[in-house]
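A short write-up of the structure that comes next.
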Amino acid sequence: MQFNSFIFLFFITLVSVLYYLVPPKLRNYLLLLSNYLFYFYFDFVFAMLLFVLTSITYFLGNKINDSTDHGKKRNLVVFAVVINILALAFFKYFNFFTESFISLLNLLGFNNNLFTLKILLPLGISFYIFQTLSYILDIYYETLEVKSNFVEYAVFASFFPTIVAGPIERASRLLPQIKSQKEFKLNNIKEGTYLIIIGLFRKVLIGDACGKIVNHIFADPQYYSSIEVFTAVILYTFQIYNDFAGYSSMARGVAKLLGFDIFINFRQPYFATSVADFWRRWHISLSLWLKDYLFVPLQMKYRRYRMWGNIIAMMITFTLCGFWHGASWTFIFWGFLHGFYMSFALLSVKQKQYFKKLMPNKKSLTILQAAITFFLITFAWIFFRAENFSNAFLIIEKLFEFSTGEFAFRFIKILFMYLSVSFLLDYMEYKWDTDIILLKLKPPVRYAISVAILFIVFAYLITSDKAPFIYAQF
Amino acid sequence: MISDKLKSTILKELKLDEFEISEEMTADQVPGWDSLSHLNVILAVEQDFNIRFNSYELLKLKNIGELQSLINSKTVKSSR
């Protein structure tokens, strides 16, 4: 049941109506039932896995909470973290580890036929495991002030608006909302609906449309000219952004319909003036998670190395961030590249100050910084998107061939069109300081635009295959 | 209350001339105290007060007031 499908629109309408109709006491039961129905629709067996992990984590969370002995507390936390990481490692990384091991053995000259298992990836596992880990760690660090019963916790662990691809919610933010009584507010319905419409627009009309061109060119870059490959690389930068930001906006909208306020996951990431700034604007719920539970603990551990402590922590965090996205060396390299960019920036602070002095005009300096950042991020996306390293290197080689093709001008026109629309949306979000930009337009204009978007999106969904969300496969 | 010594350590490390620091304040509300400079602030506190924190103590901190209480508990212990 993808967010961009009619069955989901039916499901969310039904759940929202029932949610406000049932007595407040029963709402969390209804929500839990909806969460599991939503998950069952994808896979019944993996729903069992979700339930088992939820039960274990809840049980261990209680034990950690009740324990007064620090040593025992720490052991329980380690145990809970290991169980969750093992589940993730088995379902997400088993194939990767065995395949890497076999190629290593082959490289060393050992012929082997080690048995391999083809393991399917349970939907949303990377997201919900990070959510349950935040519950355990928040209890350990005493940042979680509310105590919840099993049903409330199970609603948190399987929350259907965020389970497929985030935003990764924190127990300390979501659990109090699950516990609170929610009144029916027309404003929530209005905001939720507009967020869903904007999300559909970004996903279907920008992301998927860009994706069609990107898929063709990335599949066979050798047949295209430099300009065409360049178009595909930039279009992918906008595809992944609008696909994921569109999903996140829909997730926020769906949660809003039920009276929940969840993370704003994106804040105009391509307006960033440094790679570090990019990470404060891109997939914010993951950046904050990594910062709080991985970067800061590592940084504190290596603090005696001063600046190098920061660099070690950054390199480990971002390489693991890449690995979290997918079990492949190209993702690991993508993460490593981001860690490298930021470490390099940290090591060259003095040189940066010098260059800044050479450009007294603040506006042009900002534009230059944003352009350099955009270039670095786009370059890294090549590895994120490519099937393997040889595909990525072929793309880069093609870019530097400086060849032009028959359809070059047409490609540039397409690129310009999608870029303008995506940047316009971002500019409005920035200018009005809200992600519900439709609400800032005057009613007749707002209604006309909303109806037009829905009409085109529905026409598109009826006539073509629904493209899955990119982040749903992580 | 935040002691003058802690305040001056923080301000010196972040190269700030004057900034009012209260107990409820969190690191990100102090100009220049970001995730990278956090390391330097903690090291400066450890050096100036001649104490050593363990990671768990540091990760539990929620605001500057809690950092002050942690320093107080450590300095009382070491002066005994």
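Just so it is clear, none of the values below were taken in a lab; they were calculated from the coordinates. Predicted model, so just to flag it, every value in this text is computed and none were measured. Note that each Cβ is placed from the backbone with ideal geometry, even for glycine, and that neighbours are counted across all protein chains shown.
So what is Rg over Rh here for the range A:113-220, counting just Cα atoms and using Kirkwood for Rh? Could the numbers behind the result be given before it?
Working: Rg = 19.2 Å, Rh = 17.3 Å.
Radius of gyration over Kirkwood radius for the range A:113-220 works out to 1.11.
Sequence neighbours fewer than 8 away in the same chain don't count; with that in mind, list the aspartates and glutamates whose C-alpha is under 20 Å from residue A:212.
Cα-Cα hits under 20 Å: A:220, A:228, A:243, A:387, A:406, A:465.
Report Rg (one decimal) and Dmax (nearest whole number) for the protein assembly as shown, counting Cα atoms only, units Å.
25.0, 83
Place a +1 charge on the Cβ of each Lys and Arg in chain A and a -1 charge on the Cβ of each Asp and Glu, then give the dipole magnitude about the Cα centre in debye, rounded to the nearest 20.
Details: 43 positive and 27 negative charges, 296 e Å.
Approximately 1420 debye in magnitude.
Under 15 Å Cα-Cα from residue A:25, which aspartates and glutamates qualify once same-chain neighbours fewer than 8 residues away are excluded?
Of all the aspartates and glutamates, those that pass the test against residue A:25 - Cα under 15 Å, at least 8 places apart if same chain - are A:152, A:183.
Local charge sum around residue A:76 (other residues, Cβ-Cβ under 11 Å, Lys/Arg +1, Asp/Glu -1)?
Net local charge, residue A:76 excluded: +2.
Taking every pair of alpha-carbon atoms in the range A:170-316, give the share separated by more than 17 Å as a whole percent.
Summing the P(r) tail past 17 Å for the range A:170-316 gives 72 percent.
Between the range A:282-359 and the range A:64-93, how far is it from one alpha carbon centroid to the other, in angstrom?
26 Å
When only alpha-carbon atoms are used, what values of Rg and Dmax, in angstrom, describe the range A:306-374?
Reported Rg and Dmax, both Å: 14.9, 45.
Along the range B:48-65, what does the Karplus equation 6.51 cos²θ - 1.76 cosθ + 1.60 (θ = phi - 60°) give for ³J(HN,Hα), rounded to whole Hz, x for Gly and Pro?
With the stated coefficients, the range B:48-65 comes to 4, 9, 6, 10, 9, 9, 9, 4, 4, 4, 6, 6, 7, 4, 10, 8, 5, x Hz.
Under 23 Å Cα to Cα from residue A:442, which lysines show up? Leave out anything in the same chain fewer than 8 places away.
By straight Cα distance, residue A:442 reaches A:185, A:190, A:256, A:431.
Please list the equivalent ellipsoid semi-axes of the range A:391-474, computed as the square roots of five times the alpha-carbon gyration tensor eigenvalues, in descending order and whole angstrom.
The three semi-axes for the range A:391-474 are 33, 19, 16 Å.
Determine ³J(HN,Hα), in whole Hz, for all residues of the range A:243-248 in sequence, where each value follows from phi through the Karplus function 6.51 cos²θ - 1.76 cosθ + 1.60 and θ = phi - 60°; x replaces Gly and Pro.
So the Karplus estimates, Gly and Pro as x, are 5, 7, 5, x, 4, 4 Hz.
Which value in nm describes the separation of the simple spin-label points at residue B:62 and residue A:356, placed 7 Å from the Cα toward the beta carbon?
3.5 nm
Taking K and R as +1 and D and E as -1, what net charge do the other residues with C-beta under 11 Å from the C-beta of residue A:467 add up to?
Within the 11 Å Cβ shell, the charges total 0.
Can you give the FRET efficiency to the nearest 0.05 for residue A:42 and residue B:25, using r as the Cβ-Cβ distance and R₀ = 45 Å?
FRET efficiency, residue A:42 to residue B:25: 0.50.
Looking at the range A:6-181, I'd like the Rg to Rh ratio, where Rg is from alpha-carbon atoms and Rh is Kirkwood's inverse mean 1/r.
1.07
For the range A:44-142, what value does the Rg/Rh ratio take when both radii are computed over Cα atoms and Rh is the Kirkwood radius, given to two decimals?
Ratio of gyration radius to Kirkwood radius: 1.12.
Send over the semi-axes of the range B:4-79's equivalent ellipsoid, whole angstrom and largest first, taken as the square roots of 5 times the C-alpha gyration tensor eigenvalues.
Output for the range B:4-79: semi-axes of 19, 13, 12 Å.
Please list 3J(HN,Hα) in residue order for the range A:123-138, calculated via the Karplus relation 6.51 cos²θ - 1.76 cosθ + 1.60 where θ = phi - 60°; whole Hz, with x for glycine and proline.
In residue order, the calculated couplings are 4, x, 4, 5, 7, 6, 5, 5, 5, 5, 5, 4, 5, 4, 6, 5 Hz.
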